[in-house]
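Here is the structure we will look at.
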Number of protein chains: 2
Amino acid sequence: MTEQKTLPIDSIDRAILASLAANARMSGSALAARAGVAESTVSQRLRRLHDDGYLRGFHADIDVAKLGMSVQALISIKLVKHVREEVDAFRSAAPNWPGVLAFFHTGGGDDYLLHVAAHSAAELRDFMLTYLASHPAVSHTETNLVFEHVTGRGLEQLLS
Amino acid sequence: MTEQKTLPIDSIDRAILASLAANARMSGSALAARAGVAESTVSQRLRRLHDDGYLRGFHADIDVAKLGMSVQALISIKLVKHVREEVDAFRSAAPNWPGVLAFFHTGGGDDYLLHVAAHSAAELRDFMLTYLASHPAVSHTETNLVFEHVTGRGLEQLLS
DNA sequence: AATGAAATTTTCTTAGG
DNA sequence: CCTAAGAAAATTTCATT
């Protein structure tokens, strides 16, 4: 069930991953200095880490509030049971709805969590009405405003 | 209350941010080509976007499951009321607990949500016992395993 | 599989318009 | 904001170990 077919990575790989987790734009030479290897070695490692799926990509961390999305919410969603077709439709549609930052499918029943951003409370309400209240697979929702969102140190600890 | 003191950004800034959100390692010349401006302009814009807080940083997207953390959970936490000191201690400590990927403070009561990763169910149980069950500010928790975690398109839509 | 150094290519910065 | 140009740095290649 779990993905771990490829060979385990070593301390050099972990050092490279840790550096890129902290600063994805770090140059190959800086990565090499931190990992204690040659630049050409870093090139090879990077290609392998990407090919083997350890490195999925590199993303800018952008402050959505500064772009006008000052409202964020976590929306817990329960779906109706035993309607496989509509559940699948929900799963594939939800991440594409406007303002959706993250989408979780969680255990227990047919439970989901959406992390959404909106320009205003009114826009959030419209989102709920448009995409959730009217959706045939949705049986219940619970919305909580996000006051604070902090990235944890779990990843860097794992790589250190 | 909301942060938006600096001048609004224009379509060039948005193009640069959108490109970096998709690929944080994109070169200045590639960014320039996509935004339709000169490289030197991109340098200026990047510096300003960073200085003004639109760009917080750049991070590698790493598959924690491939690193052995095959279990992920969302833990909802309710804190005891009116114990400001302990609530503050919780807030500052939680993001640093091992395996914590993200930490949300949400509205309603004193409610929090932790997104955590663990090597196994046993490690997750140990996490709960060590950091939550014994914490004086925690009154109730609810744990749900994460089956699927998808990044939404809300950000790229906002920037397009 | 990693090194180190050379060679090529690219990037960043500065200045002037 | 652009072009142009010079300096600096990065990436790739490859023979060697």
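The values are calculated or read from the model by the stated rules, or taken from the named source; none is laboratory data. What you are looking at is a predicted structure, and each value in this text was computed from that prediction instead of being measured. Backbone-built Cβ (ideal geometry, glycine too); neighbour counts: all protein chains shown.
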Kindly state which helices (runs of 4 or more DSSP H) lie completely within the range A:1-119 and contain at least 3 residues that are at pLDDT 95 or above, closer than 22 Å to residue A:152 by Cβ and more than 7 Å from every other protein chain (Cβ to nearest Cβ).
A:11-22
Residue A:156: passes all of (1) more than 12 Å from chain B (Cβ to nearest Cβ); (2) surrounded by 13 or more Cβ atoms within 10 Å (Cβ to Cβ); (3) charged (D, E, K, R) but (1)
Restricted to the range A:7-39 and to residues being within 19 Å of residue A:53 (Cβ to Cβ) and in contact with a strand residue (DSSP E or B) (Cβ under 8 Å, 6 or more places away or on another chain), the residue farthest from DNA strand C (Cβ to nearest atom) is A:21
Only listed residue being touching a Ser or Thr at 6+ places or on another chain (Cβ under 8 Å) and within 20 Å of residue B:62 (Cβ to Cβ), chosen from A:60, A:102, A:73:
A:102
Being touching a residue at least 40 places away in the same chain (Cβ under 8 Å) and either within 15 Å of the chain's Cα centre (by Cα) or more than 16 Å from residue A:102 (Cβ to Cβ) (or both) narrows it down to one residue among B:146, B:87, B:100, B:150; which is it?
B:87
Taking residue A:127 as the residue in question, decide whether it is without any contact (Cβ under 8 Å) to a residue 12 or more places away in the chain, crowded, with 18+ Cβ neighbours inside 10 Å and under 24 Å from residue B:22 (Cβ atoms).
no
Can you spot a residue in the range A:133-143 that is under 30 Å from residue A:23 (Cα atoms) and part of a strand (DSSP E or B)?
no
Need pairs with beta-carbon distance below 6 Å; first residue more than 8 Å from DNA strand C (Cβ to nearest atom) and within the range A:41-55, second of a type in the set (Val, Ile, Thr); sequence gap 6+ or separate chains.
A:52/A:6
Residues (under 15 Å from residue B:149 (Cβ atoms) and within 13 Å of DNA strand C (Cβ to nearest atom)) located in the range B:56-69
none
I'd like to verify a number: residues in the range A:40-82 that are in contact with a strand residue (DSSP E or B) (Cβ under 9 Å, 6 or more places away or on another chain) and among the acidic types (Asp, Glu), how many?
2
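Residues checked against (1) β-branched (Val, Ile, Thr); (2) touching a Gly at 6+ places or on another chain (Cβ under 9 Å); (3) surrounded by 21 or more Cβ atoms within 10 Å (Cβ to Cβ):
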{"position": "B:56", "(1), (2), (3)": "no, no, no"}
{"position": "B:60", "(1), (2), (3)": "no, yes, yes"}
{"position": "B:95", "(1), (2), (3)": "no, yes, no"}
{"position": "B:100", "(1), (2), (3)": "yes, yes, yes"}
{"position": "B:107", "(1), (2), (3)": "no, no, no"}
{"position": "B:114", "(1), (2), (3)": "no, yes, yes"}
Hey, can you tell me all the residues within the range A:103-127 that are farther than 22 Å from residue B:102 by Cα and touching a helix residue (DSSP H, G or I) at 6+ places or on another chain (Cβ under 7 Å)?
A:110
